[in-house]
1. What are the residues in region 44-70 that are more than 16 Å from ligand 1 (Cβ to nearest atom), closer than 23 Å to Q249 by Cα and surrounded by 21 or more Cβ atoms within 10 Å (Cβ to Cβ), if any?
2. Tell me, which residue of region 384-399 that is aliphatic (A, V, I, L, M) and crowded, with 18+ Cβ neighbours inside 10 Å is farthest from C129 (Cα to Cα)?
3. Considering region 293-341 alone, what residues qualify as being among the polar types (S, T, N, Q), assigned to a loop (DSSP other than H, G, I, E, B) and under 29 Å from I383 (Cβ atoms)?
4. Out of region 321-348, which residues are touching a residue at least 12 places away in the same chain (Cβ under 8 Å) and within 15 Å of ligand 2 (Cβ to nearest atom)?
5. Just one of S223, S231 is in contact with a strand residue (DSSP E or B) (Cβ under 6 Å, 6 or more places away or on another chain), more than 17 Å from G466 (Cα to Cα) and either at pLDDT below 95 or open to solvent by 10 Å² or more (accessible area, probe 1.4 Å) (or both); which is it?
6. Using the structure shown, decide if F264 is within 16 Å of ligand 1 (Cβ to nearest atom), in contact with a helix residue (DSSP H, G or I) (Cβ under 9 Å, 6 or more places away or on another chain), open to solvent by 40 Å² or more (accessible area, probe 1.4 Å) and not charged (D, E, K, R).
7. When the residues of region 79-94 are narrowed to those that are buried (at least 20 other Cβ atoms within 10 Å of the Cβ) and of a type outside the set (D, E), which ends up farthest from ligand 1 (Cβ to nearest atom)?
8. Considering only region 117-131, state which residues are crowded, with 20+ Cβ neighbours inside 10 Å, away from ligand 2 (no atom under 16 Å from the Cβ) and assigned to a helix (DSSP H, G or I).
Amino acid sequence: MDRSENKYEYKGSLSTADTDIPVTEPERQYFFMGKVKEIIEEKVQELGRPLTFHVTTFGCQMNARDSEKLRGILLKCGYTESDSEDADLVLYNTCTVRENADNKVFGRLGVLHGYKKKNPYMMIGLCGCMAQEDVVIEKLKKSYPFVDIVFGTHNVYMLAEILLERLTSEKKVIDVRQKADRIVENLPLERKYSFKSGINIMFGCNNFCSYCIVPYVRGRERSREPEAIISEIKRLVADGVKEVMLLGQNVNSYGKNLENPVSFAELLRMVNDIDGLDRIRFMTSHPKDLSDDLIDAMAECDKVCNHLHLPLQSGSDRLLKDMNRHYTKEQYLTLVDKIRERIPDIALTTDIIVGYPGETDEDFEETMDVVNRVQYDSAFTFIYSKRSGTPAAKRDDQIPEDVIKARFDRLLSTVRSIGEKKAEALTGQTLPVLVEEINKQDQSLVTGRLTNNSVVHLKGDSSLIGQIIDVHLDECKGFYYLGSKV
Ligand code: SAH
Ligand code: SF4
Ligand code: F3S
């Protein structure tokens, strides 16, 4: 990039040989936030307007949580948050789990380029899971030279340091690490909701399901120390948080590699003991590691929500083996029975992939059989997407699109009708709802969730946001309820 294009030439004193740069984290990052802030404040003075940022999040809850970290850092750097992408700094926190996630990002980068042509101060950043892929980096270098900063999933905490490098040089910065060298605690963080929060309990994944790219872009499993998790949740509760979502790609293997191993069931009990916390959720549970001890903890901990997301992927033993899932259809069904025996009214949801390489009609019927037997409250259904670098992508028995489409439509309509029937069964009951927001379509309504994660709309105003109130479920509209405060 031409130097004249960098409108932020730093006039203060900064050299990487600077002896005041702290060597320990997070102090080092706070130092860089301070330096970026000097530059931003100077520009704000000069322009007589705030410098704005926008973080756009794609993908899962992990990314949503990372985006809160990015926003926290940018606010500390002196930026003002904007709800539009027509801002002075736009960061795309990307997902690459399926191909259409990648395509969406590349398409939207074109739109950002349009904004950038009109705003000489605009910078564009790309981070998250796509950034961990070599093919993406090559494509960005070749066809998207207007992207200023690129960093990966392992150095989210370094945003201020990366930004400073960009602001003080004429080159764009690409800083993607192959491995996470550490877990940096105590960085600033700006929550999307005041009353609920995701909490990382572990990072990465060791499972290498044959179709999945996550282990390649998120690295190996690393658990946080339970003390760090508990003290973070206590701080959140003191700050008004009522509901936490414990996050990990496979929470059931939490703590196994800690110096003093702690199981997920033990962690759940510790979190349940935190005064002032009302609700605990977690994502995601791998069926292969779901212990009896965890089922007991879920049944006994009063704050644990009445919901379990238990990804199935396929009902065919042959495909499950090929997928490297380490359970059979029967083992999965037995697990479901065991859970329902202990927690009879628990809501069960799942993820299912249609059209995995080599999937026959018989394989698909096995999946339908599980869906019909388990009677899920809802399910995310995905068309298999070939991810280069994964074992499944190398197979030559990929399934034709029309066959996948027919199976997918059949699965979706079955999942929907079962979900509607299950939801209908709660109509007429009075249940606690955590009110989350003003309804987007109708401002006289607020929207909240039951502990089973179903959505409820009811008459009310912003004073109810963040409160848990008893609501009578007047009417079921398929996937949501209309209710009234009692
Ligand atoms: N760690 C979680 C899943 C994270 S990815 C777990 O194991 O359950 C979320 C979901 O995306 C997966 O459950 C799977 O159903 C789906 N998925 C992952 N890779 C996919 C691919 N290549 N094609 C289609 N769906 C995929
Ligand atoms: Fe992907 Fe499997 Fe890990 Fe989930 S458990 S993130 S599906 S590899
Ligand atoms: Fe996507 Fe990365 Fe999550 S690939 S699903 S954002 S871990």
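The values are calculated or read from the model by the stated rules, or taken from the named source; none is laboratory data. Remember, predicted model here, so these are calculated numbers, not experimental data. In this analysis, Cβ positions are derived from the backbone assuming ideal geometry, glycine residues included, and neighbour counts consider all displayed protein chains. The area values use the complete protein model at the heavy-atom level, side chains included, leaving out ligands, DNA and RNA. Shrake-Rupley method; radii C 1.70, N 1.55, O 1.52, S 1.80 Å.
1. We begin by selecting, within region 44-70, every residue more than 16 Å from ligand 1 (Cβ to nearest atom); these are 44-56, 67-70.
When the remaining residues are screened for being closer than 23 Å to Q249 by Cα, the result is 55-56, 67-70.
The answer is V55, S67, L70.
2. Across region 384-399, the extreme among qualifying residues is I399.
3. Residues satisfying the conditions are S314, S316, N324, T328.
4. Those that are touching a residue at least 12 places away in the same chain (Cβ under 8 Å) and within 15 Å of ligand 2 (Cβ to nearest atom): D322, M323, N324, R325, H326, Y327, Y332.
5. Numbers: S231 fails: in contact with a strand residue (DSSP E or B) (Cβ under 6 Å, 6 or more places away or on another chain).
On inspection, the qualifying residue turns out to be S223.
6. no
7. Y79
8. Residue satisfying the conditions is A131 alone.
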